[in-house]
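Notes to accompany the following structure.
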Amino acid sequence: MPSHVISFAHQGVEPRWKGLNTAIPVLMVSKRAYSILVAESYTGGLVSFEESLAVSSAVWEPLEKLTNGEGWPRSDTYIAKKYEQLLEEHKAWPDRLASVKFSYAKKVNGTAASGAAATAAAADATVKSEL
């Protein structure tokens, strides 16, 4: 490089390899939970989060498929049976229960209206219980 060319200073961690061990926490919340968290932040509320190995995409992906109408049995009897199994499986997780109820209402009624109310109520209860 000629002496009259200005070299660029690299931003970041020096030495570069130390930047490889950087962890950036990411949190996903519903719109409703986000609104509640923002409101709490304006009133001086304190929020804390704890990492859980019980929460992963392996749990949420099948629930998302149910919401999209996929993964449900064809028979009404088996749909009801699967719904009861899912309620039992996710009984300790209000947000998952709300998703299951929403998906079931959408499947059975062809609409998400009653499920949306269940989702909103469960999300509100979950956030308030943890704040």
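The values are calculated or read from the model by the stated rules, or taken from the named source; none is laboratory data. Keep in mind that what you see is a predicted model, and the values were worked out from it rather than measured. Virtual Cβ from ideal backbone geometry, glycine too; neighbours counted across all protein chains shown.
I need the full set of residues from the stretch 15-69 which are under 30 Å from Leu87 (Cβ atoms) and among the basic types (Lys, Arg), in order please.
Hits for the stretch 15-69 are Lys31, Arg32, Lys65.
Quick check: anything in the stretch 60-81 of a type outside the set (S, T, N, Q) and modelled with pLDDT under 90?
Within the stretch 60-81, one or more residues are of a type outside the set (S, T, N, Q) and modelled with pLDDT under 90.
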